[in-house]
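Read through the structure below, which is laid out as C-alpha cells, and then see the notes.
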Amino acid sequence: MSAPRAQEQPSRSGERQPLVARGRRSPPRWRRTAAAAVLLVEMLERAAFFGVTSNLVLYLNSYNFNWPGEQASRATLLFLGASYLLAPVGGWLADVYLGRYLTISLSLVLYLAASGLLLTTITEDGRKSFCGEMPELPLEPACPSADCPGSWSSPYCATTLYLVLLVLALAASSVRSNLTSFGADQVMDLGQDATRRFFNWFYWSINLGAILSLLVVAFIEQNISFLYGYSIIVGLVGLAFFIFLFATPVFITKPPTGSQVSTMLKLAFQSCCSRHSSRDSEGAHLLPDQRSHQWGPSPQEDMANFQVLVKLLPVMVTLVPYWMVYFQMQSTYVLQGLHLHIPNIFRTNPSNSSLALRSENNNYRIPEAWLLLANVVVILILVPVKDHLIDPLLLRCKLLPSALQKMALGMFFGFTSIIAAGVLEKERLRYIAANQTVPQLIGQDLYYAAPLPIWWQIPQYLLIGISEIFASIAGLEFAYSEAPRSMQGAIMGIFFCLSGVGSLLGSGLVALLSLPGGWMHCPKDFGNINNCQMDLYFFLLAGIQAVTAVLFLWIAGRYERTRQDPASQSSSNRVRG
C-alpha cells in the first residue's frame, strides 16, 4: 500500500493549497516518517559535503597538486560560496519545471557523478587523464622581490578541479535549497510548532553528519589516504540517494507551481521607472482579466509580496558579513591550524633515532579538521537544550527573543570568534619571527609550525558554533516564516544565495590581499603562511562585522516597527505563510 499523496484545492486567493488524502493510517505518522527520511538524507549528504570541505585545503596542498596556501584557501572559499550562491538555480528548476522531489533526485545523481570525478583525480592515472603530467618545478631560491614573474600562473590541474568543484557545488546547493523546503512541506499541516521544531532538528541532523564526516572521513583523509576517504564520500552520497528513493511512497509531493521571479522583476522595474504613471494603473486594471482563468496570486497579492520582499532583503543582505566570518572556519582557520603544533594520537619512545623517525612517520596525528568538532558539538548539545528547555521556558516567561534579536546575537559571537583567531595568529607569528618552529609531517607534507598547541584554536571554533545557533537557525526561521507562502522557495533560495555571497566576498578579499604588497602575499612555498600577515586579515574582517552589525540593528529595528504597524500587518498577513 502506498502512502497518501497530497491533493490540491483552490484557496480563496486562487492559490492551490495541499490537502492530504485520508488513508487507513493517520496522516501525522506518515508525516513524521517522511520528515525522518528527509533528515537522514540530509545527514548523509552533509557528511559527504563536509568530507570534501574539511580537508580540501590540505588536499590541494598535498604533493599531488602542490597548490600554494592562499590559492588552496581561495579555492575552498569559492567552492563554499558557489555551493550557496547556486541555490536559487535548483529552487527555480523545482518551482518552474521539475518539482522539488524530481529536482532532489536528479541533483543526487549529479552529486554522485561529481564526487566520483573528484575521486578519480586522486589516482595517478586519473590525474594524467584529466590534467596531464605535472610540470617540474625549477630548483631556485624564492624570489625576494614583490613582483616575482609568473606568481599568478595557474596551479596544476586547476581547470579540472574547479570544474568538478563547480558541478559538485551546483548539486549540493540544489539538494540543500529543495530538501529544506521539501522537509518542511511534510510537517507543515501539523502546525507552526512542528515546522519550527523541524528546522531545529534539520540543523541538528546537518551537524550529526558533520560529526560522522570529521571523526571518520577527515581522519582517514589526513592519516591514511585521500583515496579511501573520498571513496567513503561517494558511498555516502549513494546511500542518501537510495534512502530518498526508498522513502518515495511516504513523501508528500507537489507539482511545480511556477516562479514569481519575472513578476517581481516587473514590479521592481515599474516601481523604479514608472511610479505614479497612469499607464501602470491601466495595466494593473487589465491584469485581473488576463488572470481570471488562471490559478495563482492576484495582482494585489503580487504587489503585497513585492513589498514584503523589499522589506526582507535589507535584513538578509546585512547578514552577508557574518557569512564572510563564518566560512573562515573551513578555510583560513584550517590553514592556521596546519601551522600550529598538532600532537600525535599514539606516542612511542624508541631508543634509537632511526626508529624515532620511522615512528614519527607511522604515528597518526590528530586531524586538524577535528577542531571543527568544537563547533559541531556545541550545536549538537545546544539545539536539543534550546528546543526542549530554553525556548519553552522563555516562551512561558514571555522573554523569547525574536528571530532578528537572535541574529544580532549571532553576529556578536561571530565577531568574538574572528577576534580570537586574530589574537592567536598574532601570537603565532611572534614565535615565527623568533625562529621558533616545529617541523611536523601531516600526511606526506612537511609544515613548519609554531610551538603553540593547536588546542588554542578551540575558543574560536566554540564561539563560531554558538554564533551559528543564533544567526543561522534564526535566519532560516526568519526567511521561512516571514516569506509569503507563494514565495517561500524563492526567499529560502535568496537566503542561501546571500550566504554564498559572503563566502565569495571572503575569497575575493583574500585574492585582493594576496596581490604584491598585500597582507596575504607570500612566496610560493606550497601552503606556508609564515611570511604572511593573516592576523591583519582577521582583524579587518572583525571591523567589517562590527560596522555591519550596527547597521543590522538599525534595519532590524525599522523592520520590527513596520511589522507592528496595524495597516502593514493586516495586509501582509493575508499572504504570509
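Count neighbours as other Cβ atoms within 10 Å of each site's Cβ, and list the GluC sites (Glu not before Pro) in the stretch 456-516 that are DSSP loop with at most 13 such neighbours.
On the way: sites: Glu468, Glu477, Glu482; in loops: none.
Listed in order of number, the matching sites amount to none.
Which length gain, in nm to one decimal place, applies between Ser481 and Asn344 when the Cα-Cα distance is subtracted from 0.36 nm times their residue separation?
On the way: separation 137, 0.36 × 137 = 49.32 nm, distance 4.75 nm.
Taking 0.36 nm per residue and subtracting the Cα distance, the gain is 44.6 nm.
Using a 1.4 angstrom probe on the protein heavy atoms only, could you order Ile419, Ile555 from most to least accessible area?
Details: Ile419 55, Ile555 30 Å².
These residues rank, largest area first, as Ile419, Ile555.
To the nearest 10 Å², what's Leu208's accessible area with a 1.4 Å probe?
Rounded to the nearest 10, that gives 60 Å².
Which order do Cys532, Cys397 take by accessible area at a 1.4 Å probe, largest first?
Numbers: Cys532 10, Cys397 75 Å².
Accessible-area ranking of Cys532, Cys397, largest first: Cys397, Cys532.
Once fully extended, how much extra length lies between Leu227 and Val550, figured as 0.36 nm per residue of separation less the alpha-carbon to alpha-carbon distance?
Details: separation 323, 0.36 × 323 = 116.28 nm, distance 4.65 nm.
That pair, Leu227 and Val550, stretches by 111.6 nm at full extension.
Once amide H atoms are placed 1.01 Å from N in the peptide plane, what residues at a sequence separation of 5 or more from His521, or on another chain, have their amide H within under 5 Å of its amide H?
Counting only residues 5 or more places away or on other chains, the set is Gln533.
What is the distance, in nm, between label points placed 7 Å from the Cα along the Cα-to-Cβ direction at Leu393 and at Val317?
4.0
Express the accessible area of the stretch 64-125 per residue in Å², computed with a 1.4 Å probe while the remaining protein chains stay in the model. Intermediate results must be reported in sequence, preceding the final value.
Numbers: 2060 Å² over 62 residues.
Value for the stretch 64-125: 33 Å² per residue.
Out of residues 5 or more away from Ala449 or on other chains, whose amide H comes under 5 Å of its own, with H placed 1.01 Å from N in the peptide plane?
When sequence neighbours closer than 5 places are left aside, the close amide H contacts are Val438, Gln440.
Please report the accessible area of Ile381 (heavy atoms, 1.4 Å probe, ligands and nucleic acids excluded) in Å², nearest 10.
Approximately 100 Å² of Ile381 is accessible to the 1.4 Å probe.
In nanometres, what is the gap between the two model label sites at Trp455 and Leu245, each 7 Å from Cα along Cα-to-Cβ?
Placing both labels 7 Å along Cα→Cβ, they lie 4.8 nm apart.
With each pseudo-label sitting 7 Å past Cα toward Cβ, what's the Thr437-Ser129 distance in nm, one decimal?
Reported label-point gap for Thr437 and Ser129 is 3.8 nm.
Could you list the chymotrypsin sites (Phe, Trp or Tyr not before Pro) in the stretch 53-120 that lie in coil according to DSSP, counting only those with at most 12 other Cβ atoms within 10 Å of their Cβ?
Numbers: sites: Tyr59, Tyr63, Phe65, Phe79, Tyr84, Trp92, Tyr97, Tyr101, Tyr111; in loops: Tyr63, Phe65.
Answer by residue number: Tyr63.
Tell me the per residue accessible area of the stretch 203-250 using a 1.4 Å probe; a whole number in Å² is fine.
That works out to 37 Å² for each residue.
The values are calculated or read from the model by the stated rules, or taken from the named source; none is laboratory data. As the structure is a computational prediction, the values presented were derived from the model and not from experiment. Virtual Cβ from ideal backbone geometry, glycine too; neighbours counted across all protein chains shown. The area values use the complete protein model at the heavy-atom level, side chains included, leaving out ligands, DNA and RNA. Shrake-Rupley method; radii C 1.70, N 1.55, O 1.52, S 1.80 Å.
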